[in-house]
Each structure stands twice: as structure tokens, then as C-alpha cells.
Amino acid sequence: MAPVVQSSQPWVEKYRPRQVKDVAHQDEVVRVLTNTLETANCPHMLFYGPPGTGKTTTALAISHQLFGPELYKSRVLELNASDDRGINVVRTKIKDFAAVAVGSGSRQGYPCPPYKIIILDEADSMTEDAQNALRRTMETYSKVTRFFFICNYISRIIEPLASRCAKFRFKPLSEGIMSSRILHICGEEGLTLDSEALSTLSSISQGDLRRAITYLQSAARLFGSSITSKDLISVSGVIPQEVVEAVFAACKSGDFDVANKEVNNVIAEGYPVSQMLYQLLEVIINNDDISDEQKARICKKLGEADKCLIDGADEYLQLMYVASHTIRALCDMPEELHFD
Amino acid sequence: MLWVDKYRPRTLDKIIAHEEIAQNLKKLVSEHDCPHLLFYGPTGSGKKTLVMALLKQMFGPGVEKVKLENKMWKIDAGTRTIELELTMLSSTHHVEMNPSDAGFQDRYIVQEIIKEMARNRPVDTKGKKGFKVLVLNEVDKLSREAQHSLRRTMEKYSASCRLILCCNSSSKVTEAVRSRCLNIRVNAPTEEQIIKVLEFIGKKENLQLPPGLTARIAAQSNRNLRRAILSFETCRVQQYPFTINQALPPLDWEQYVSEIASDIMKEQSPKRLFSVRGKIYELLVNCIPPEIILKKLLSELLKKLDSELKHEVCHWAAYYEHRMRLGQKAIFHIEAFVANQSLVQMEPVSSFDHLKDSLCASFSRISYV
Ligand SMILES: Nc1ncnc2c1ncn2[C@@H]1O[C@H](COP(=O)(O)OP(=O)(O)OP(=O)(O)O)[C@@H](O)[C@H]1O
Ligand SMILES: [Mg+2]
């Protein structure tokens, strides 16, 4: 047999907090859950917020802390978007698990309260029908089962479910908190990071700690143990400012062909257009030579293009669309097209 | 063997066009805790080559012993069993597949295969556990559901299964998936880099290269390395020894699109529209992706229009391509674009009013089909 190549976990997993108290920046939920650990009282919960802010981490940590390794398997059901969670599963697997009655009494120092926990991670990808089917189950077995819903977009959770839960919004991590987590990891891994690099890392990862950790690990592998701000930018996929400026300058020139050439270049270089739109927005907003009205016109188009990209539209065409309308706005050409 | 395959660099050290990325990858996998990777960049830029070389770096020559199989998946979905068939390429260390080929059922494939890999984790004689790599191509074509189902799975099984995702446009990959990977941008090689590769091949094949030939091929390739090598080989087949003014192989369908563009420019009438429709249909039947046709058509039209109309056509191209994504039949939207373009062009000439009316009529018929 072929030799096995060893693997160990990436840093994001290695540094996933195992205890609720180690979850950074989400004070409110940590307070409530710490209370839960003492009193064993726990409402249904709904965690929502952007990626990498600690939602899954928190749900797993509290479950482990409540039940310990021995009971975990029998008391906690974790289902995520990769499991089938259609209406049938709700009516069978979830219901069966929810219905089981359990005893109480702490064991091996774990509180082990008399209920089970069902974690529905990435619940925003459940269909509305499946969510509706859950309502009854939630009510009928609320004595013996607690539900944890986790999602990025709370609007995708139907109101009847959301209103039965204590809701917690997970905030993007603030720069300070992010830095202290990162410094902690640097300490463990023997890395040095100067203060400029640290603030760069916080700003490029936009409050997503998972992303920050991934960048940090990649930079450490690529550039050794002393990491600069430039190293981090190069692994992050942020588009170099000169490239964004070049697109903007091309639009300012008023010449369609110049802009087209620049856009083609952006595509050939493989820069993600969604990121480009975002950085272009920054440039435009912060430019004092553009009137508010022009800015408004361009922003409107940026928004439309972003939406189209989400729908799966072509990157070249959308960026070109924005570029063309930017030219028109900057040259004060009429907003309406000839034929509309 | 075609030159594109024959001269595909097998190791990271032999990579010519993306030396820096290759060297970085080498460092990245020096310890076996590298994160999941997402390669993105335009077609023909060399992502696949990098991925294969990377796998070899990680596991040694074993990854080259691949077998191609058509696997049947039986997936238990509550009340019914879904049967799916998908081609995959696998070695003892990795599996490569195109999950989006499963269409709207892609999510089942993604769920099932990763779990299966995690279950059958390779174990060596000392009982140490290893990991496998799953290469997923065209993840930008995966349905939203499938992308969602990757999220937690990527975290949960990260010790037993490392993912390498490839796609053209990373904007189409959800934020949550991107946040779980190290994103690696693979830019299209520059013309100079392409020339370098072509000259390298020329040397290996013992060819006499007339001055300027490789440069011309590179210029025509639109920074697509695969296309450049293919047309280099075609040149070799068509005529050797090369001559200074050797004609480059024409790009059939692109020629065809440029004819369509001329048609649109020449005459704006329902009859013309009808014949254009036939031609577009022909392209679609030959499996040229609709958005590629639309973009090529746009670029041909841009060559022929004045600057005011350029903005116009560009606006509508984006508009109809977006509609095409949401709709079902591509032909309607390309046709609507063409009809609309005809209208735009005759706008300034009011004496064509009657013609315009009849065009409008056929236009509205199209958009409500
Ligand atoms: N508040 C936090 N405190 C400490 N570590 C965190 C925090 N948030 C995220 N992390 C780090 O980021 C990683 C990912 O966090 P987690 O899985 O909880 O994200 P999530 O909120 O569930 O994101 P998603 O919405 O994408 O599922 C964790 O492994 C951990 O290393
Ligand atoms: Mg999560």
C-alpha cells in the first residue's frame, strides 16, 4: 500500500475555541451561555451573523461543555447543510431524536441537563417547507429538546421559528479583538508580526476571524516566521490599489476603448470582479473631484452589477457595464440611453 | 499525444509560466497542515497543470497512476433513492471530479463523496491516519445548495479530506466557501510568457522557427496558453517547414460570429433577424457556450460602432446576459439582444420608421416567448 501522508488540522481548526468563555467579542451570547452552564437553563437559540464570527464554534462549545465527551453523541444532533434536511428528515430523524426523553444528573463534572440539543447549522439553506414542519416538533418536545439555529441571513428563517428563539447577532470582530486573537496564535506558532501587518490583517479580513487565520497561516508558510503587511496582502486576494486606480483612470479618460482594454486586462489577470466593484466603490466615494450626483449615479450601477454577479452573470460584461456607465456619469452624458 | 498534454509540466519546478505561484505552492505544502485551496483564473491559464504538479509534490508519482471511472451513486434521500452517474478520475491519493455535471442534483454528490472519503481514510501500517485530496472543478457552476453543503463539511472533515477547488470566476463562489480556503489567483500568462513556452516546445520538437511566428500565435491566442499551443501544433501539421508569412489556423466559430456581427450592421430587418437566428442556433448546437457567443458578438460589434453606440451595446449585452442566467433557453436572450441592437442602430434614422415598427413587433414576440 502507498505510504500514508500525514495530515494535521489547519490552524482554523487548531485554534477553534473549545470553551464558550474563549469565544471572543460576542459578549452577550457568552454571558447567557455561561449562565446556562450554571443553571442548566437554556432557551432555543438562533445565532446569525457573517462568516467566521464564531457561531458554529459557540454552539459546539456549549454542547461539549454541557454534556462532556461521553454523552455528547447521544445528546447532541448536529445537522448542517451537507446533511439532507428536507421535510422528510424533519418528520423522521429530527422528530425521533427530539422525542426521546432523557434523565438528568451531572456526570463526571458535566452538568448534563435533562434535555437534548439539536444544532441546525447553516439553517438558512433549509427550505421553507422543512422549516414549517419543524414548528410542531419544536413545540411538542420543548421540554426535552433545545434547538440551536445557525445562519448567515436571519431573513431566511421563517418568522414562527425565529420568534420562538432567543436571537443573537454575531458581530464582525472588531480590530482590537481580532489583533489580540491573532497575537495569541502568533505566540503559539512562534511568528512575529509588526503593528502595521497586524492592522492590515484586521482590515483585509473584514471582521472574519477565520479568514484572518487562514491568511496568517498561508503567509507563514510562504514567507517564513516574520510576516509583513505586504506578504499578507499578497495572500489575501485583495486587488492591488494601482490596478483599481487604473480602471478608474481609464473611465475618467472618457474613452470607451481605453476602458475596455483595462477591463479586459483585469479579467485576464483573474481578479475577482465582485472584489473589484467593492474597491472601486471605495475609490469613487473618497474622490473629491466627483460631484455627489455623479457618485450616486455610479453607485447605483455598482449595486446593480453586484446583484447580477450574485445571480451568476458574466464578470466581464458586468464590469464593462459599470465602466461604461461610470464614463457616462463622469462626462455628464445623459443617464438615459437612446433606446430604453 | 497532443502537445498540450505532452508538454504539460509534471512538477512544480518545471512550470514555466507561473514560476512564482509554483514556488509558493511548494512552500505551502511543506508541512501537511495546509488549508483548503481555491484556484481561480481565466480558462487556459494553467490551473489544472498547477494542481496536478502540486499533487505530485504532496504525494509523489503515485498520483499519476489514475483511473477513470463512471461511478454510480446511490443516494438515500428519505423516501426515495436517487441514482446519479458521474465520471471521476482517481488515484490512491486523490479524486477529481466535476460535480456540476450532475446538474441540480450536484449537492448530493458533494455531500456523499466527502463523507465517503472521510470514512475510508487511508491508514498506514503503524496505524497513522492520512488524508486524501478531493479536486472539484468548475465550482463556480455549482448550485448554491451544493456550495452551502460544502461549508461545514469542509471544516468537519478537514483532517481527513483536503479540498482543492478550481473555478474561472471566484465572484460566483459564495463568501462562506471562499472564507474557508486560501485563494490562489492564476492569471492568464502574458504574451511574452506564451512565446517562451512556444519556443520551449519548438526546441524540444527540433523545429526551425521563422521570426515572428510565435509572437503572432501568442497575439491571436488572447492570453490563452492552451489555445496558443493547439494552434502552434495545427500550424506544424498544416505546413512544415514554416514560412515567414505562414497563415495561422482560423478560429472557426469566431469567424462565424464576426460574420453575424457584419450581418447585423448591414441591414436591419426581420428577415435578417431570422437568418441571424439560424446562425446563432448553429453555434449553440455546436456547444459553444451562450455567454461566450454573446461576448464575442459584443466585441465584434464594438469594432464597428461609434463611441455613443458602444455604450449602448455594452449596456444591453450585460442586460441580456444577466437575463439569460435567470432564464432557461439561451437562444431567446441572444436573439433579443440582436433584435434590440438592430433597433438601437436604426434609431437616428427616422425614415426607417415603418421598418422599426415591424422589427419592434418581432422583437416583442421574441421576448415573450
Ligand atoms: N468569536 C471568535 N472567537 C474566537 N475564535 C473565533 C471567533 N470567531 C471565529 N473564530 C475562529 O474562526 C473559525 C471559524 O469560526 P466559526 O466556524 O465559528 O464561524 P461561523 O460563524 O460558524 O461561520 P459560518 O457562517 O461561515 O459558518 C474558528 O475555528 C475560530 O478559529
Ligand atoms: Mg459555521
Spatial extent of chain B: Rg and Dmax, with the Cα atoms as the point set, Å: 24.5, 87
Antiparallel bridges, percent of DSSP beta bridges restricted to the stretch B:3-185 (to nearest 5): 45
Across A:Lys14/B:Lys172; B:Lys266/B:Lys296; A:Lys261/B:Lys303; B:Lys141/B:Lys295, pairs whose alpha-carbon gap is larger than 22 Å: A:Lys14/B:Lys172
Ranked B:Met52, B:Met72, criterion: other C-beta atoms within 10 Å, fewest first: B:Met72, B:Met52
In order through the stretch B:174-187: 3J(HN,Hα) via Karplus (6.51 cos²θ - 1.76 cosθ + 1.60), integer Hz, x for Gly, Pro: 5, 3, 5, 6, 4, 5, 9, 10, 7, 8, 10, 8, 10, 6
Please give, to one decimal in nm, the separation of the simple spin-label points placed at B:Asn286 and B:Leu209, each 7 Å out from Cα toward the Cβ. 2.9
Taking H as built 1.01 Å from N, whose amide H comes closer than 5 Å to the amide H of A:Glu78, not counting residues under 5 places away? A:Ile119
For chain B, the longest site-free run once trypsin sites (Lys or Arg not before Pro) in DSSP loop states with at most 11 other Cβ atoms within 10 Å are removed: B:127-369
Scanning chain A for GluC sites (Glu not before Pro) in DSSP loops with at most 16 other Cβ atoms within 10 Å, what's the longest stretch left with none? A:1-334
Once the dipole of the stretch B:1-107 is set up from charges on Cβ (+1 Lys and Arg, -1 Asp and Glu), the residue from the list B:Pro35, B:Ile82, B:Thr49 lying farthest towards its positive end is B:Thr49
Inter-chain Cβ neighbour average for residues B:27-35, partner chain, 10 Å: 6
In debye to the nearest 20, how big a dipole does the protein assembly as shown give about its Cα centre with +1 on each Lys and Arg Cβ and -1 on each Asp and Glu Cβ? 3000
For the stretch B:1-80, what relative contact order do you get, as a whole percent, if you take Cα pairs closer than 8 Å and at least 6 residues apart? 32
Using the crude model of +1 on Lys and Arg Cβ and -1 on Asp and Glu Cβ, and no other charge, please compute the dipole size for chain B relative to its Cα centre, in debye to 20. 1360
From the gyration tensor of the Cα coordinates in chain A, what semi-axes in whole Å does the equivalent ellipsoid have, largest first, with each one equal to sqrt(5λ)? 45, 27, 18
Counting Lys +1, Arg +1, Asp -1, Glu -1, what net charge surrounds A:His44 among other residues with beta carbon under 11 Å of its beta carbon? +2
Mean separation of Cα contacts under 8 Å (6+ apart) over length of chain B, as relative contact order %: 14
Which one of A:Leu77, A:Leu280, A:Leu37 has the biggest mean-square fluctuation once chain A is modelled by GNM with Cα springs under 10 Å? A:Leu280
Could you derive backbone 3J(HN,Hα) for the stretch B:16-29 from the dihedral phi with the Karplus parameters 6.51, -1.76 and 1.60 (θ = phi - 60°), listing whole Hz in sequence and x where the residue is Gly or Pro? 8, 7, 10, 3, 5, 4, 4, 5, 4, 4, 4, 5, 4, 9
Would you mind calculating the relative contact order of the stretch B:3-185 from Cα pairs under 8 angstrom and at least 6 residues apart, reporting the percent as a whole number? 24
What's the average, rounded to a whole number, of partner chain beta-carbon atoms within 10 Å of each residue's beta-carbon in A:303-314? 5
Using θ = phi - 60° and Karplus 6.51 cos²θ - 1.76 cosθ + 1.60, couplings along the stretch B:328-341 (whole Hz; Gly, Pro as x): 10, 9, 4, 4, 4, 6, 5, 5, 4, 4, 5, 4, 4, 4
Would you work out the Kirkwood radius for the protein assembly as shown? I mean one over the mean of 1/r across all pairs of different Cα atoms, in Å. 28.3
Rounded to the nearest whole number, the Stokes-Einstein translational diffusion coefficient of the stretch B:161-249 at 20 °C and 1.002 mPa s (Kirkwood radius, C-alpha pairs) in µm²/s is 141
Under 18 Å from the Cα of B:Lys271 - aspartates and glutamates, other chains or at least 8 residues apart: B:Glu259, B:Asp263, B:Glu282, B:Glu335, B:Asp353, B:Asp357
Average beta-carbon neighbours from other chains, 10 Å sphere, peptide B:315-327: 6
Could you work out the per residue convex hull volume over the alpha carbons of the stretch B:10-117, in cubic angstrom? 122
Determine, for A:Thr145, B:Thr174, B:Thr43, the number of other Cβ atoms within 10 Å of each Cβ, and report the residues in order from fewest to most. B:Thr43, B:Thr174, A:Thr145
In units of 2.2 N^0.38 Å, the Cα radius of gyration of the stretch A:14-94 is 1.18
Taking every other residue with Cβ under 13 Å from the Cβ of A:Tyr72 and scoring Lys and Arg +1, Asp and Glu -1, one gets +3
Using the Kirkwood radius over Cα pairs, work out the Stokes-Einstein diffusion coefficient for the stretch A:216-334 at 25 °C and 0.890 mPa s, in µm²/s as a whole number. 162
Excluding residues fewer than 8 positions from B:Lys6 in its own chain, the aspartates and glutamates with Cα under 16 Å of it are B:Glu64, B:Glu199, B:Glu205, B:Glu233
Rg over Rh of the stretch B:191-238, using C-alpha atoms and the Kirkwood radius, what does it come to? 0.91
Once the mean 1/r over all distinct Cα pairs of the stretch B:209-297 is inverted, what Kirkwood radius in angstroms do you read off? 15.0
Order these by the 10 Å Cβ neighbour count, fewest first: A:Asp288, B:Asp140. A:Asp288, B:Asp140
What residues qualify as long-range amide H neighbours of B:Leu182, i.e. H under 5 Å apart, gap of 5 or more or another chain, H built at 1.01 Å from N? B:His36, B:Leu37, B:Leu38
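No lab work stands behind these numbers, since they all come straight from the coordinates. It should be emphasised that the depicted structure is a prediction, and the values quoted were computed from it without experimental measurement. Methodologically, a virtual Cβ is constructed for each residue, glycine included, from the backbone with ideal geometry; neighbour enumeration extends over all protein chains shown.
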